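Right, one structure below, let's go through it.
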Amino acid sequence: MLEESLETPVAFEAREPIYLDFQATTPLDPRVLAEMLPYLSGPAGNPHSTSHFHGIAASKAVEAARSDVAELIGATPDEIIFTSGATEANNLIIQGVLNSVRVSGRRRIVTCTTEHKAVLEVVAHLSGRGAEIRSAPVFPNGMVDLDQLNGLVDDTTGLVSIMTVNNEIGVLQPVEEISRIARAAGSFFHTDAAQAVGKVPFNVSEIDAASISSHKLYGPMGIGAAYLARNVRRVVEPVVFGGGQERGIRSGTLPVALCVGFGAACRIAAKELDYEAARLLALRNQFLEILQESGVHFEVNGALDRRVAGNLNIHFPHVDAEALLMRVRNDMSISTGSACTADSIQPSHVLLALGFGEARAEESVRIGMGRSTTEAEVHTAAQKLAKAVASLTKVGYKTSLMER
Ligand SMILES: *Cc1c(COP(=O)(O)O)cnc(C)c1O
């Protein structure tokens, strides 16, 4: 029974090293690729040239995909604006809303310290241009402090932007509660849902705007969407101008095959979400059990009980994360949340925001499991990781010296 429920829903090509970085990107589901192929190798067709057969065929494919995306999040097709991904959707929503509402005195944006750079850098850019940025802190478990957030949202607030699922620690924020706080002050509420859509039940009924990325849900890279409720659509200013596609909100010819793939990915996610969430939760727990049995010392970063199923972020005390990654890189692809700038490695701003200090941020790794992850991979990876950790810890080092 258990084995059955741990089976991957579709066979992916097995490759070494073991891929465990599903928060960075997910592999293209082979069923998605199959739906895309006819639009890559088939006849031409600009979906905006609807005065002839070829254009109409392309347009129909795009609109079917738009419906699939809308359906997954409980939106209507007219509320979906295709973009190149979640980064562009964040830019469109944050810049497009703020540029519009700040003329009426709402120039404040409230966000939180653990947001993705595709939110933080946009608001930082706007703060140099007359917007006022406020950032709510998070508790050590990664949950945003709602009292503090509430105190920051006032009648000059134009937008509250808080992500649904964090890309480093997987923590799920109470977006509906946050939306109530925003709306009570007359502000719009936006959520970067790139890590949530297709992984956890996500419905936009209480949300004004959301960002989605296809390549985080087993669709192709280079496409995503901005969900804009009608009240937001009325005010949002375009960031990209041109031929007036996507209701004039985001100009540019839509990539038909990518739209089709994104739509297929959403359809599959809707069907398999519950199964996959349960399967990944079981695999995640097995990963933790194997680490526990190995005897290595570790702590999970971020709440375990309010978290997307396929994510772990683990602190191994006294083990340099970069050294650990180097040690296991032939066996598995895992990551740190650290960002490489020109000449230095910056510890993860998310882990720093939890308040544990730099050492913990530099001793933590992110492990992401997903649709192609098998039970065998989890066992192999957890055992090899535990071994590498043991050999890198100071205690482990001393023990191995004594053994010699
Ligand atoms: C991946 C990711 C993004 C960026 O999405 P792209 O589609 O790659 O631009 C933004 N926000 C979060 C939370 C993400 O995980």
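Counting lysine pairs in the chain whose alpha carbons fall under 19 angstrom apart, excluding pairs fewer than 8 residues apart on the same chain, gives 6.
Just for the chain, what percent of DSSP beta bridges are antiparallel, to the closest 5? If I count the DSSP bridges inside the chain, around 55 percent turn out antiparallel. Rounded to the nearest 5, the antiparallel percentage of DSSP beta bridges internal to the range 125-239 is 50%.
For the range 376-390, backbone phi angles converted through the Karplus equation (6.51, -1.76, 1.60; θ = phi - 60°) give residue-by-residue couplings of 4, 4, 4, 5, 4, 5, 5, 5, 5, 5, 4, 5, 5, 4, 4 Hz, Gly and Pro being listed as x. Note on the range 37-100 and the range 239-264: Cα centroid distance 5 Å, given to the nearest whole angstrom.
Would you work out if the range 1-100 is rounded, prolate or oblate? Take a ≥ b ≥ c from the square roots of the eigenvalues of the alpha-carbon gyration tensor; rounded if a/c is under 1.5, else prolate when a/b is larger than b/c, oblate otherwise. Let's see the in-between values first.
Details: a/c = 2.10, a/b = 1.35, b/c = 1.55.
Note, shape of the range 1-100 comes out oblate.
Kindly rank 98-111, 193-206, 115-128 from highest to lowest mean number of other beta carbons found within 10 Å of each residue. Mind showing how you got there, number by number?
Working: 98-111: 19.9, 193-206: 21.9, 115-128: 18.0.
My ranking of the peptides, most packed first, is 193-206, 98-111, 115-128.
The phi torsions of the range 152-167, fed into the Karplus equation with coefficients 6.51, -1.76 and 1.60 and a -60° offset, translate into couplings of 8, 8, 9, 7, 9, 7, x, 8, 10, 10, 10, 5, 7, 10, 6, 6 Hz, rounded to whole numbers, with Gly and Pro shown as x.
Toward the positive end of the charge dipole of the chain, with +1 on the Cβ of Lys and Arg and -1 on the Cβ of Asp and Glu, the farthest Cα among Ala388, Gln292, Ala309 is that of Ala309. Note on the range 58-171: antiparallel DSSP beta bridges, both residues inside, total approximately 10 percent of the bridges counted. Accessible surface calculations at 1.4 Å, restricted to protein heavy atoms, place the chain at 43 Å² per residue. The charge dipole of the chain, taken about its Cα centre with unit charges on the Cβ of Lys, Arg, Asp and Glu (plus for the first two, minus for the last two), comes to roughly 780 debye. Rounded to the nearest Hz, the phi-derived 3J(HN,Hα) couplings of the range 12-17 under the Karplus curve 6.51 cos²θ - 1.76 cosθ + 1.60 (θ = phi - 60°) are 9, 5, 7, 9, 10, x, where x marks glycine and proline. Remark on Val240: its backbone amide H falls under 5 Å from those of Ser251, a criterion applied only to residues 5 or more positions apart or on other chains, H modelled at 1.01 Å from N. Here the range 1-54 exposes an accessible surface that is 58 percent carbon and sulfur, computed with a 1.4 Å probe and the other protein chains kept in place.
Here, the chain is characterised by an Rg to Rh ratio of 0.99, where Rg is the alpha-carbon radius of gyration and Rh the Kirkwood radius. Assuming charge only on the beta carbon of Lys and Arg (+1) and of Asp and Glu (-1), the dipole of the range 264-352 about its Cα centre is about 320 debye to the nearest 20.
All other residues whose Cβ lies under 14 angstrom from that of Val103 are scored, Lys and Arg at +1 and Asp and Glu at -1, for a net of +4.
The values are calculated or read from the model by the stated rules, or taken from the named source; none is laboratory data. Note that the coordinates shown come from a computational prediction; the quantities given were computed from them, not determined experimentally. Backbone-built Cβ (ideal geometry, glycine too); neighbour counts: all protein chains shown. Accessible surface areas use protein heavy atoms only, side chains included; no ligands, DNA or RNA. Shrake-Rupley method; radii C 1.70, N 1.55, O 1.52, S 1.80 Å.
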